[in-house]
1. Quick one: which of Leu11, Leu26 is free of Cβ contacts under 8 Å to residues at least 40 places away in the same chain, part of a loop (DSSP other than H, G, I, E, B) and in contact with a Pro (Cβ under 9 Å, 6 or more places away or on another chain)?
2. Got at least one residue in the range 11-33 being among the hydroxyl-bearing types (Ser, Thr, Tyr), touching a helix residue (DSSP H, G or I) at 6+ places or on another chain (Cβ under 9 Å) and open to solvent by less than 30 Å² (accessible area, probe 1.4 Å)?
3. Considering the range 35-71 alone, what residues qualify as being closer than 18 Å to Val99 by Cβ, in a strand (DSSP E or B) and open to solvent by less than 40 Å² (accessible area, probe 1.4 Å)?
4. Tell me which residues, restricted to the range 11-35, are in contact with a Gly (Cβ under 8 Å, 6 or more places away or on another chain) and at pLDDT below 95.
5. Just checking, how many residues over the range 75-86 are surrounded by fewer than 16 Cβ atoms within 10 Å (Cβ to Cβ) and either more than 13 Å from the chain's Cα centre (by Cα) or among the hydrophobic types (A, V, I, L, M, F, W, C) (or both)?
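The values are calculated or read from the model by the stated rules, or taken from the named source; none is laboratory data. Treat the numbers as computed from the prediction; the structure is a model and nothing was measured. No Cβ is skipped: glycine too gets one built from the backbone with ideal geometry, and neighbour counts run over all protein chains shown. Note: accessible area is taken over every heavy atom of the protein model, side chains too, but ligands, DNA and RNA are not part of it. Shrake-Rupley method; radii C 1.70, N 1.55, O 1.52, S 1.80 Å.
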Amino acid sequence: MNDWPDWVQRLPIIDTPFPCGCGYLLAGTDGQVVFWSFPTGASVPRHQHGPQLGLVLAGRVELTVGDEERTVCAGEHFSLGDQVPHAAVVAPGTLVIEVFADPERHAPAQRPA
(Lines give C-alpha, C1' and ligand atoms only; values in the text may rest on other atoms or scores of the structure.)
Protein backbone atom coordinates (compact mmCIF):
# COMPACT_ATOMS: atom_id res chain seq x y z
CA MET A 1 0.00 0.00 0.00
CA ASN A 2 1.36 3.36 -0.98
CA ASP A 3 -1.22 6.10 -1.37
CA TRP A 4 1.22 8.92 -2.05
CA PRO A 5 1.10 10.46 -5.54
CA ASP A 6 3.86 9.69 -8.03
CA TRP A 7 5.69 12.98 -7.45
CA VAL A 8 6.06 12.13 -3.73
CA GLN A 9 7.24 8.61 -4.55
CA ARG A 10 10.01 10.12 -6.70
CA LEU A 11 11.46 11.99 -3.68
CA PRO A 12 14.46 10.42 -1.91
CA ILE A 13 13.57 7.53 0.37
CA ILE A 14 14.74 7.91 3.96
CA ASP A 15 17.36 5.67 5.49
CA THR A 16 15.37 4.74 8.62
CA PRO A 17 15.84 2.19 11.40
CA PHE A 18 12.10 1.29 11.37
CA PRO A 19 11.76 -1.49 8.78
CA CYS A 20 7.96 -1.26 8.57
CA GLY A 21 7.76 2.36 7.46
CA CYS A 22 8.66 4.08 4.23
CA GLY A 23 9.44 7.79 4.26
CA TYR A 24 9.92 10.18 1.35
CA LEU A 25 12.12 13.17 2.09
CA LEU A 26 11.65 16.78 1.04
CA ALA A 27 14.58 18.71 2.53
CA GLY A 28 15.80 22.29 2.62
CA THR A 29 18.21 24.43 4.58
CA ASP A 30 15.56 25.27 7.20
CA GLY A 31 14.08 21.81 7.86
CA GLN A 32 12.59 18.67 6.40
CA VAL A 33 9.20 17.27 5.47
CA VAL A 34 8.71 13.51 5.47
CA PHE A 35 5.78 11.71 3.83
CA TRP A 36 5.43 8.45 5.79
CA SER A 37 3.60 5.30 4.77
CA PHE A 38 3.13 2.40 7.22
CA PRO A 39 1.46 -0.42 5.24
CA THR A 40 1.82 -2.99 8.05
CA GLY A 41 2.11 -0.60 10.99
CA ALA A 42 5.20 0.00 13.10
CA SER A 43 6.56 0.38 16.59
CA VAL A 44 8.81 3.42 16.90
CA PRO A 45 11.05 3.17 19.99
CA ARG A 46 11.49 6.03 22.44
CA HIS A 47 13.81 8.70 21.05
CA GLN A 48 14.26 12.48 20.92
CA HIS A 49 15.38 15.15 18.49
CA GLY A 50 14.63 18.72 17.51
CA PRO A 51 11.10 20.20 17.21
CA GLN A 52 8.58 18.36 15.07
CA LEU A 53 5.01 18.72 13.80
CA GLY A 54 2.95 15.81 12.50
CA LEU A 55 -0.35 15.45 10.65
CA VAL A 56 -2.03 12.04 10.43
CA LEU A 57 -3.81 11.76 7.08
CA ALA A 58 -5.04 8.17 7.38
CA GLY A 59 -5.02 5.60 10.18
CA ARG A 60 -3.86 6.40 13.68
CA VAL A 61 -0.78 6.81 15.86
CA GLU A 62 -0.63 5.85 19.54
CA LEU A 63 1.81 8.55 20.65
CA THR A 64 3.64 8.53 23.97
CA VAL A 65 5.19 11.88 24.89
CA GLY A 66 7.09 11.76 28.14
CA ASP A 67 4.71 9.76 30.36
CA GLU A 68 1.52 10.82 28.57
CA GLU A 69 -0.24 8.71 25.95
CA ARG A 70 -2.68 9.90 23.33
CA THR A 71 -4.22 8.61 20.13
CA VAL A 72 -3.77 10.82 17.08
CA CYS A 73 -6.33 9.89 14.40
CA ALA A 74 -6.75 10.86 10.74
CA GLY A 75 -7.25 14.61 10.45
CA GLU A 76 -5.49 15.34 13.74
CA HIS A 77 -2.01 16.70 14.40
CA PHE A 78 0.67 16.70 17.07
CA SER A 79 3.57 18.94 18.01
CA LEU A 80 6.75 17.95 19.84
CA GLY A 81 9.15 20.37 21.45
CA ASP A 82 12.93 20.31 21.24
CA GLN A 83 14.46 17.11 22.69
CA VAL A 84 11.15 15.83 24.12
CA PRO A 85 11.30 12.02 24.50
CA HIS A 86 8.58 10.23 22.56
CA ALA A 87 7.59 6.86 21.08
CA ALA A 88 4.76 5.60 18.90
CA VAL A 89 2.80 2.59 17.77
CA VAL A 90 1.50 3.17 14.26
CA ALA A 91 -1.56 1.31 12.96
CA PRO A 92 -1.40 -0.53 9.62
CA GLY A 93 -2.36 1.67 6.67
CA THR A 94 -1.34 4.93 8.36
CA LEU A 95 -0.10 7.94 6.37
CA VAL A 96 1.64 10.78 8.22
CA ILE A 97 3.29 14.02 7.12
CA GLU A 98 5.96 15.19 9.55
CA VAL A 99 7.81 18.51 9.54
CA PHE A 100 11.18 18.67 11.31
CA ALA A 101 12.97 21.89 12.30
CA ASP A 102 16.31 20.07 12.00
CA PRO A 103 17.50 20.20 8.36
CA GLU A 104 19.61 17.07 8.93
CA ARG A 105 17.14 14.93 10.92
CA HIS A 106 16.86 12.24 8.23
CA ALA A 107 19.26 11.14 5.50
CA PRO A 108 18.27 9.80 2.09
CA ALA A 109 18.95 6.13 1.41
CA GLN A 110 20.64 4.99 -1.75
CA ARG A 111 18.02 3.90 -4.31
CA PRO A 112 18.89 0.86 -6.40
CA ALA A 113 19.94 1.76 -9.94
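1. That would be Leu11, the only listed residue that is free of Cβ contacts under 8 Å to residues at least 40 places away in the same chain, part of a loop (DSSP other than H, G, I, E, B) and in contact with a Pro (Cβ under 9 Å, 6 or more places away or on another chain).
2. Initially, the range 11-33 is screened for residues among the hydroxyl-bearing types (Ser, Thr, Tyr), giving 16, 24, 29.
With touching a helix residue (DSSP H, G or I) at 6+ places or on another chain (Cβ under 9 Å) added as a condition, the list becomes 24.
The next check asks that each one be open to solvent by less than 30 Å² (accessible area, probe 1.4 Å); those that pass are 24.
The answer is yes, given that some residue of the range 11-33 is among the hydroxyl-bearing types (Ser, Thr, Tyr), touching a helix residue (DSSP H, G or I) at 6+ places or on another chain (Cβ under 9 Å) and open to solvent by less than 30 Å² (accessible area, probe 1.4 Å).
3. We begin by selecting, within the range 35-71, every residue closer than 18 Å to Val99 by Cβ; these are 35-38, 44, 47-58, 61, 63, 65.
Subset that is in a strand (DSSP E or B): 35-38, 44, 47, 52-58, 61, 63, 65.
Answer for the range 35-71, where residues must be closer than 18 Å to Val99 by Cβ, in a strand (DSSP E or B) and open to solvent by less than 40 Å² (accessible area, probe 1.4 Å): Phe35, Trp36, Ser37, Phe38, Val44, Gln52, Gly54, Val56, Ala58, Val61, Leu63.
4. To start, the set of residues in the range 11-35 that are in contact with a Gly (Cβ under 8 Å, 6 or more places away or on another chain) comprises 13-14, 16, 20, 34-35.
Passing the criteria: Ile13, Ile14, Thr16, Cys20.
5. Let us first name the residues in the range 75-86 that are surrounded by fewer than 16 Cβ atoms within 10 Å (Cβ to Cβ), namely 75-77, 79, 81-85.
Pick out the ones that are also either more than 13 Å from the chain's Cα centre (by Cα) or among the hydrophobic types (A, V, I, L, M, F, W, C) (or both) and you get 75-76, 81-85.
So the answer is 7.
For every residue, the table says whether it meets (1) out of contact with any Phe, Trp or Tyr (no Cβ under 8 Å at 6 or more places or on another chain); (2) of a type in the set (S, T, N, Q).
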residue	(1), (2)
Pro51	no, no
Gly54	no, no
Ser79	yes, yes
Asp102	yes, no
Ala109	yes, no
